[in-house]
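FYI, it's all coordinate maths here, none of it is from the lab. Source: prediction; values computed, not measured. Virtual Cβ from ideal backbone geometry, glycine too; neighbours counted across all protein chains shown.
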Amino acid sequence: MAEGVDRDSLALFGARLAGSAVGFASTVFFARELGASGLGVYFTFETVVVLVAVLARFGVDTAVVQRLAGAGDATERARYLTGAFGIVTVPLLTVTAAVLLFADSFTSLVGLAVAPLLVVAIAAESGQWVLLSALRGERRLPTSAGVELGGELVRVGASVWFVLDGVGPLGLVYGFVLGHAVRVLAALLLLDTGFARPTRETMRSLVSFSSYTAGVNVSHLAYSWLDTLVLAIFVSKAAVGTYEAAWRVSVVVAMASTAVGASLSPSVSAWASSGAIERIEESVTESLSLALVLVVPAVVGAAVLGGPFMAVAYGFGGGTLLAVLVAGQVAQSVKEVVQSTLLGLDRPRAVFVANAVGLTANLVLTVGLALAYGPLGAAVGTALTAGVAAALLWRALSSEIRLRADWTALAWQVGAALAMGAVVFGASRVVTPDSAGSLLALVALGALTYGACLGVHPPTRARFVGLARSRTES
């Protein structure tokens, strides 16, 4: 894979890992301060914000990455960015009117009277992703990663302060709004791309691309948030709190794939413009291995230590739920890499079709299973949906390039993960994972075992040693 993609992936992954570590620690704190129901209120608010903001953005943020990455000069980039905000403005105003008009319904759903805050949060959520996408379109992933991390630190810090001050779940809402506002301001200050009046061709190009990626974003929205919304409406806020606590742990293990996908798309776009198809094929093969390097051992780890982890960290159950959600990230990781490559190749229609089918499967599986079996049913439906979408996207990309997986590297990952699981399971018979200290010791033992087993494979060892050196020298 090109060194730039590796390095940018590492920068984004590192920032998101740090942000997730901070977010996880804060969730543990909030769970103990507010309980599963209190967390559920906040997670429901966040779900509504993300859901509505994705609809308002109309997929234009993904179009911004692709169009800015392929733009010929600064003026063209400025036109695309300005045009993107123009496209977002109309649906955002419509959403604002709807939230204020149906304020009582949103209050009933969330459990707090927060309609004005919803409007501000939706605007900030939409703005931050357009601006972060512009940074990625400039091929400045480390900068966008830093902005993401800074906003997360502000969110957590403000939320902790408000909760300690006795504000309750509303304090988490205040923190969310402040964190997003910081991201918007920071991205605006750091962007090299300015603003310029868009041409008719600019708007046509953005709308053409985003009309497909809007469907992709809705599908991703359903995959990430539909289950939470169903639980909030039909089950309870406590179920939402438990489910989201487990879900956010599972998402951490897939951050490598999201980082790889985010860095791969603009690079593929540039390579495709110059006809470097072999470079794309090589990068996809290596990206698939890198994307799964944390997910594979996490599946085994969640199966062995999922129950103790949920009990020690949050004070409530959900071990099986966590294991199912982590397993679902295998297919989601493959989907991230393949989908980003198709978008970089300017094949949004293929991505749209695959995600439309995935969305239909999600509506049937996740909603049906969630209503029948609660959080665990929602987790199974979500995992199956990711598998359907990944298979369809793989088939679509294989018709564009020679799509190959490095089966030797993947086999080493699976073997190392199974060895790790055996070691940790045996150790857990001696050291009971019923406290933070014993649990961390077992996790550390597992990480060392997995790393040592991977290190025996020369190509994998050389890959990560080279990546570490390039990052140190950059």
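Only the Cβ atoms of Lys and Arg (+1) and of Asp and Glu (-1) were treated as charged; on that basis the dipole of the chain about its Cα centre amounts to roughly 380 debye.
Compare the peptides 296-306, 92-102, 368-378 by average per-residue count of other Cβ atoms within 10 angstrom and give them in order, highest first.
So the order, starting with the most tightly packed, is 296-306, 368-378, 92-102.
From the residues 276, 372, 208, which one has its Cα farthest along the dipole of the chain in the positive direction, the dipole being from +1 and -1 charges on Cβ of Lys/Arg and Asp/Glu about the Cα centre? Checking the options against the dipole of the chain, the answer is 276. Between the C-alpha center of the stretch 373-429 and that of the stretch 306-328 there is a gap of 18 Å. Here, the chain yields an orientationally averaged convex hull projection of 21.0 nm² when only Cα atoms define the hull. Positive-end ranking of 130, 444, 24 along the dipole of the chain, with charges on Cβ about the Cα centre, is headed by 130. Between residue 93 and residue 185, the FRET efficiency from the beta-carbon distance, with R0 = 22 Å, is close to 0.55. For the chain, averaging the sequence separation of C-alpha pairs within contact (under 8 Å, six or more residues apart) and dividing by the residue count gives a relative contact order of 20 percent. Positive-end ranking of 305, 164, 433 along the dipole of the chain, with charges on Cβ about the Cα centre, is headed by 305.
Among rounded, prolate and oblate, which fits the stretch 108-180 when a ≥ b ≥ c are the square roots of the eigenvalues of its C-alpha gyration tensor, a/c under 1.5 means rounded, and a/b larger than b/c means prolate?
On the way: a/c = 4.36, a/b = 1.72, b/c = 2.54.
Note, shape of the stretch 108-180 comes out oblate.
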